[in-house]
Amino acid sequence: MNEIENKNIVILEISNLKKSFGEINVLDGFNLTLHKGENIVVLGKSGSGKSVLIKCLVGLLKPDSGKIKIFNKDINNQSAIELDKIRSKIGFLFQSNALYDSMTVKENLEFPLRRHWIKINQLEIDKMILQALYDVGLTHTLNMMPIELSGGMRKRIAIARTLILKPEIILYDEPTTGLDPITGKEIIKLMIEIKNKYNTGSLIISHDMNCVKLASDKVAVLIDGKCFAFGNYQELKLNTNPLVKQFFE
């Protein structure tokens, strides 16, 4: 499937999303459309609502109003079984990696396979684990514990676990936070390789401008709970609005 065809396939659509906590409006009519094979970075200050947005997308928070359509299905109008099937096509990379310290790398990667509705045997599970580790360049870590891995390696294992179910959408929550600049660039390169290899669409929450510049096809600037500005990196870098310009100076 070529790039032009990808642009016509909407896999995530957020319409007029609102979420408040008391009198504080965190999301106030946020709109965004993600297409297959596209990386969109959501850029905003700390406390602007980036994490709230991603939590709404995975169902950890329920929005006050608005719609979230994934694969053309409104996630608020699905049965538990249908919602689980939709979630099986979404990979989520936690900012903290969220690896289980008491489990080996193999056991960490097995965990999502055993939690979902998909029925597969151990031989298939082993093949999927090795493929995911191959994709991140860490097949030798199969029986290692998370404590034995460097920060960059733990991030790669977390990405491997995200890839294990071959998701069509990947949600990255601050994927380069806590990494040194060189390791951060390696993770960004890996994210791009994954998009190109598996034709995934990704929503990347980040305030790392290196990540924004290198990993994004488009950038959504989150200000006052809205998608205040949208475009590619160069377009937004030339934006003269001071609220947008502050990110690119």
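The values are calculated or read from the model by the stated rules, or taken from the named source; none is laboratory data. All values derive from a computational prediction rather than experimental measurement. Please note: Cβ atoms are built from the backbone with ideal geometry, for glycine as well, and neighbour counts cover all protein chains shown.
Out of segment 196-218, which residues are among the aliphatic types (A, V, I, L, M) and either out of contact with any Lys or Arg (no Cβ under 9 Å at 6 or more places or on another chain) or assigned to a strand (DSSP E or B) (or both)?
Across segment 196-218, the qualifying residues are Leu203, Ile204, Ile205, Met209, Val212.
I'd like the full set of residues that are charged (D, E, K, R) and either in contact with a His (Cβ under 8 Å, 6 or more places away or on another chain) or over 21 Å from Thr200 (Cα atoms) (or both), limited to segment 88-133.
Across segment 88-133, the qualifying residues are Asp101, Lys106, Glu107, Glu110, Arg114, Arg115, Lys119, Glu124, Asp126.
Can you report the number of residues in segment 84-98 which are in contact with a Leu (Cβ under 8 Å, 6 or more places away or on another chain) and under 14 Å from Lys55 (Cβ atoms)?
3
This table checks each residue for (1) crowded, with 20+ Cβ neighbours inside 10 Å; (2) in contact with an Asp or Glu (Cβ under 7 Å, 6 or more places away or on another chain).
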{"residue": "Ala160", "(1), (2)": "yes, yes"}
{"residue": "Tyr172", "(1), (2)": "yes, no"}
{"residue": "Asn196", "(1), (2)": "no, no"}
{"residue": "Gly231", "(1), (2)": "no, no"}
{"residue": "Thr240", "(1), (2)": "no, no"}
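Being modelled with pLDDT under 85 and loosely packed, with under 12 Cβ neighbours inside 10 Å is the filter here; which residues of segment 99-114 pass it?
Result: Arg114, single match.
Going through segment 138-158 one residue at a time, which ones are surrounded by fewer than 18 Cβ atoms within 10 Å (Cβ to Cβ), part of a loop (DSSP other than H, G, I, E, B) and without any contact (Cβ under 8 Å) to a residue 40 or more places away in the chain?
Listed by number, the residues that qualify are Leu142, Asn143, Ser150.
If I ask for residues that are over 16 Å from Gly22 (Cβ atoms) and of a type in the set (A, V, I, L, M), which ones from segment 61-76 would you list?
Ile68, Ile70, Ile75
So which pairs qualify, if the first residue must be in segment 80-104 and charged (D, E, K, R), the second must be in a helix (DSSP H, G or I), the Cβ gap must be under 7 Å, and the two must be at least 6 apart or on different chains?
As it stands, the answer is Asp101/Pro146; Asp101/Ile147, since those pairs meet every condition given.
Condition check: in a strand (DSSP E or B), surrounded by fewer than 21 Cβ atoms within 10 Å (Cβ to Cβ), in contact with a Pro (Cβ under 9 Å, 6 or more places away or on another chain) and modelled with pLDDT of 90 or more. Does Lys18 satisfy that?
The answer is yes for Lys18.
For the subset of segment 115-134 comprising residues that are β-branched (Val, Ile, Thr) and in a helix (DSSP H, G or I), which member is modelled with the highest pLDDT?
Restricting to residues being β-branched (Val, Ile, Thr) and in a helix (DSSP H, G or I), the top hit is Ile129.
Taking the conditions exactly as written (closer than 30 Å to Phe248 by Cβ, among the β-branched types (Val, Ile, Thr) and free of Cβ contacts under 8 Å to residues at least 60 places away in the same chain), does Ile68 satisfy them or not?
yes
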